[in-house]
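Report on the structure given below.
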Amino acid sequence: SVVLCGQDASLDIIANCVTARQGNRAVVLRSYAGSYNSLNMLYQGKVDIATAHLWDEESGSYNLPYVKRLLPGLEVLVVRLFGRTMGLYVRKGNPMGISGLADLAREDVTLVNREKGSGTRIFLDEKRKALGISRGSIRGYDREQTTHLTVASAVARGEGDLGLGTEAAARQVPGIDFLPLQREWYDMVLLADSREEPAFRAVLDYVASERFRLDLSQTGEYDLSQTGREFRL
């Protein structure tokens, strides 16, 4: 068996489909943690496959700079799963007139934040630092939710004026609008010397298959143009 760590619903599809197709030959178990914590758990040997969508403002890229820093000295395989759109959740009709992340500096705007260690929280912090906005100046910065859906729902209920998350989650919550910011890449990370072990091979074969693309296309808005692309670090 292998333990696959991450929070996107696509990982449940991977776990269920691989286990169903392989039977007792390859069982994929699930662990739920944000991107930063997922990579740390891989380094500690607590999970077998981590996933991440970590934006690095300095390099203008996703995941690879963090993998190099958080998994030092290890030979790693990074497999691209999909792209998805990250953006802002605002109440329906955008009554606060929010146009972008710069509005976090406004005194009349309250944020619904994600938990420490999540890729969305790191994206926010990288962007606010680039904009010169301090944590202490953001109303609601310490108010945390643990999923895109709970952030979107909190905004819809009026508990905050904006939150960050994916477009797919926005489609599931009535009462909010979605303001797209940028395309992000969601990757799977494992130790390179594991890839030929049967359970790992079963996961990689499924991710590279047309069946995986079809399953994803039926469950959400994903960019599959780089699905299966590999990076060796």
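The values are calculated or read from the model by the stated rules, or taken from the named source; none is laboratory data. A quick note: this is a predicted structure, and the numbers were derived from the prediction, not measured. Neighbour counts are summed over all protein chains in view; Cβ atoms, including those assigned to glycine, are modelled from backbone coordinates with ideal geometry. Side chains are part of the model used for accessible areas, which takes the heavy atoms of the whole protein and leaves out ligands, DNA and RNA. Shrake-Rupley method; radii C 1.70, N 1.55, O 1.52, S 1.80 Å.
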Problem set entry | Among (1) more than 22 Å from ASP205 (Cα to Cα); (2) open to solvent by 10 Å² or more (accessible area, probe 1.4 Å) - the single one LEU71 does not satisfy | (2)
For this session: Of all residues in the stretch 78-135, count the ones that are at positive phi and open to solvent by 30 Å² or more (accessible area, probe 1.4 Å).
Result: 4
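Of all residues in the stretch 139-153, how many are within 19 Å of ALA9 (Cβ to Cβ) and either open to solvent by less than 50 Å² (accessible area, probe 1.4 Å) or part of a helix (DSSP H, G or I) (or both)? Talk me through it step by step, then tell me what you get.
Initially, the stretch 139-153 is screened for residues within 19 Å of ALA9 (Cβ to Cβ), giving 145-153.
Okay, now just the ones that are also either open to solvent by less than 50 Å² (accessible area, probe 1.4 Å) or part of a helix (DSSP H, G or I) (or both), so 145, 148-153.
Summing the residues that are within 19 Å of ALA9 (Cβ to Cβ) and either open to solvent by less than 50 Å² (accessible area, probe 1.4 Å) or part of a helix (DSSP H, G or I) (or both) in the stretch 139-153 gives 7.
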Exercise. In the stretch 218-233, which residues are within 13 Å of GLY83 (Cβ to Cβ) and at pLDDT below 90?
Worked result: GLY220, GLU221, TYR222
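Residue under question is SER10, and the condition is that it be modelled with pLDDT of 95 or more, within 21 Å of GLU221 (Cβ to Cβ) and under 11 Å from the mean Cα position of the chain (by Cα); does it hold?
Values: modelled with pLDDT of 95 or more: no; within 21 Å of GLU221 (Cβ to Cβ): yes; under 11 Å from the mean Cα position of the chain (by Cα): yes.
No.
Kindly state which helices (runs of 4 or more DSSP H) lie completely within the stretch 161-227 and contain at least 3 residues that are in contact with a Phe, Trp or Tyr (Cβ under 9 Å, 6 or more places away or on another chain) and buried (at least 18 other Cβ atoms within 10 Å of the Cβ). Give the derivation first.
Details: elements: 167-170, 198-207, 210-217.
Of the helices (runs of 4 or more DSSP H) lying wholly inside the stretch 161-227, those with at least 3 residues that are in contact with a Phe, Trp or Tyr (Cβ under 9 Å, 6 or more places away or on another chain) and buried (at least 18 other Cβ atoms within 10 Å of the Cβ) span 167-170.
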Problem set entry | Meets criteria (of a type in the set (Phe, Trp, Tyr) and over 27 Å from PRO65 (Cβ atoms)) for TYR141 | no
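Yes or no: GLY136 out of contact with any Phe, Trp or Tyr (no Cβ under 9 Å at 6 or more places or on another chain), assigned to a loop (DSSP other than H, G, I, E, B) and either in contact (Cβ under 8 Å) with a residue 40 or more places away in the chain or of a type in the set (Gly, Ala, Ser) (or both)? Walk me through it before giving the result.
Numbers: out of contact with any Phe, Trp or Tyr (no Cβ under 9 Å at 6 or more places or on another chain): yes; assigned to a loop (DSSP other than H, G, I, E, B): no; either in contact (Cβ under 8 Å) with a residue 40 or more places away in the chain or of a type in the set (Gly, Ala, Ser) (or both): yes.
Answer is no for this residue.
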